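So the structure is just underneath, and the comments pick up after that.
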Amino acid sequence: MSPLRVLHCRQSDRVWGPERQIVQLAKHLPEYGVEMELVLMRRWGLDAEPHPLAQQVRQAGAEVFEVSARPQDVPHVLRLLRTRLARCDLLHTHEFKSDLLGYAASRGGDRPWMATDHHLATDDETLLRLFGYADRLALGRAAAVVVPSHNQSLRLRKQVAADRIYVIYHGIDAAAFAMSAHDERPELRRRYGVSDGQPVVAVFGRLEPVKGHADLLEAAAIMLRERPDVRFWVVGEGRLREDLGRQARRLGIEEDVQFLGYQREVAPFMAASDLVVLPSRHESFGIVLIEAMSLAKPIVASSAGGIPEIVLDGAHGYLTPPGEPQVMARRALQLLSDPAQAARLGHAGRERVSQIFTVQLMVERMVTLYRQVAQSGRAGVLSPDADAGRLYPLSHP
């Protein structure tokens, strides 16, 4: 089969979940005869510190072109995309700004454009909602749109034809992730003043309203009344950092909640925790869940968005209604008080990741889609209609 070259584009400031998937593609696409380039639009500016996404993609052997994401640089980015696309077989974009530029760069040419919609716009800012609306309009013209969950595919059908939407679950290299966790549990817990017997509840993600951190702090206050020995780690950064700090002080739990900031390597912190929570108000997928499950960590998560496709309630952890901290607190306390149950759920979660959420399955299905789009300008039916309840890793609506 002839080699294929795919140009990726994303605007990014840190390595969050979508970036980790781009890195996985950079590492594993060559195994399937696919080469990769990345145009990375930097919010920091080109004179800032090295971008971790660029570093990791280059380490995987892919070529990276870094450009500024300032509004005045858009014409330059568009010219770069067109120049690089002429040397590639197709363009794959990864968020609303790159989607809009991808649509513009591919118009009038003979190279198809596809996109991954990593999340649906749920922002409370008017400008971001407008960008989200423009993104939906552009995605309607893409050769194919990949989404990471069936839930998101149903939501996206309001703006994009169903025969252009493909569900491909995110996947991880569980063995490599476990190796990156190292054996730092004792050292990390000592560093943050946690004794051997103290349980740690951890949350990972951007400090943004949609991630539900405020609900977690309310749940933490409830839990601490019954279990004052519990400590909470909040790993991530974002615009709510100061607001969440004030909330913790108002609740009187500032000594029990530690804001650890952005961490390039989250695996050691997951390994050092006892319970991982995800209180999101909406979540298209939730990569941190499969990462934590791969380490056999028990989960308490909201039942929002695509999360129930990852964690089956009572089988791999517990799901709670979004925005109900009392229920989250009760379920978390239940697991902390029953180590045997927590271990059983954790091991079941690890097995689920090994069967469904592997990097091999993700890359194989993405390569199939790439080849069909490159050959015909749009994708065909990659598999028969799937029963969403059976949670096929790839389905076509």
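Every number here is computed from the coordinates shown, using simple stated rules; none is lab data. Since the structure is predicted, the reported quantities are computational estimates derived from the model, not experimental observations. Glycine also receives a Cβ, built like all others from the backbone with ideal geometry; neighbour counts cover every protein chain displayed.
Enter the mean projected area of the convex hull around the alpha-carbon atoms of the chain, in nm², rounded to one decimal.
On the way: hull surface 74.9 nm².
Value for the chain: 18.7 nm².
State the Kirkwood hydrodynamic radius of the stretch 218-334 in Å, one decimal place, computed from all pairs of distinct Cα atoms.
Values: mean 1/r = 0.0679 Å⁻¹.
Result for the stretch 218-334, one decimal place: 14.7 Å.
Where in the stretch 86-111 does the label zone of residue 73 land, with the point 7 angstrom along Cα→C-beta and an amide N cut-off under 17 Å?
The answer is 94-102.
Which of the helices in the chain, when you take each full DSSP H run, stretch at least 18 Å along the axis at their Cα atoms and have an average Kyte-Doolittle score of 0.0 or higher?
Working: long enough: 126-139 (20 Å, 0.75); 213-226 (20 Å, 0.49); 339-356 (25 Å, -0.59); 359-376 (26 Å, 0.23).
Answer set is 126-139, 213-226, 359-376.
Would you calculate the separation in nanometres between label points at residue 104 and residue 337, each defined as 7 Å from the Cα along the Cα-to-beta-carbon direction?
5.8 nm
Applying 1/(1 + (r/R0)^6) with R0 = 41 Å to the Cβ-Cβ distance of residue 351 and residue 376, what FRET efficiency is obtained, to the nearest 0.05?
Working: r = 38 Å, r/R0 = 0.92.
Efficiency computed from Cβ-Cβ geometry: 0.60.
Please give me the summed charge of the neighbours of residue 348: other residues whose Cβ is under 14 Å from its Cβ, Lys and Arg +1, Asp and Glu -1.
Working: positive: 297, 344, 350, 352; negative: 313, 351.
Summing Lys and Arg as +1 and Asp and Glu as -1 gives +2.
Could you list 9, 88 in order of exposure, starting from the residue whose Cβ has the fewest other Cβ atoms within 10 Å? All intermediate terms of the calculation are to be shown ahead of the outcome.
Details: 9 29, 88 19.
Least to most surrounded, the residues fall as 88, 9.
If you project the alpha carbons of the stretch 115-264 onto their three principal axes, what span does each projection cover, largest first, in Å?
On the principal axes, the stretch 115-264 reaches 55, 39, 25 Å in Cα extent.
Net charge within 13 Å of residue 193 by Cβ-Cβ distance, Lys/Arg positive one each and Asp/Glu negative one each, not counting residue 193 itself? Intermediate results must be reported in sequence, preceding the final value.
Details: positive: 189, 190, 191, 231; negative: 187, 196, 229, 255, 256.
Counting the neighbours of residue 193, the net charge comes to -1.
Run the simple label-point estimate for residue 190 and residue 43 please: 7 Å along Cα→C-beta, distance reported in nm.
3.7 nm
Under the definition of Cα pairs under 8 Å and six or more residues apart, what whole-number percent is the relative contact order of the stretch 27-155? Please list the in-between numbers first.
On the way: 148 pairs, mean separation 23.6, N = 129.
With pairs under 8 Å counted, the relative contact order is 18 percent.
With labels modelled as points extended 7 Å from the Cα through the Cβ direction, what inter-label distance (nm, one decimal) is found for residue 226 paired with residue 154?
Between residue 226 and residue 154, the simple spin-label model gives 3.1 nm.
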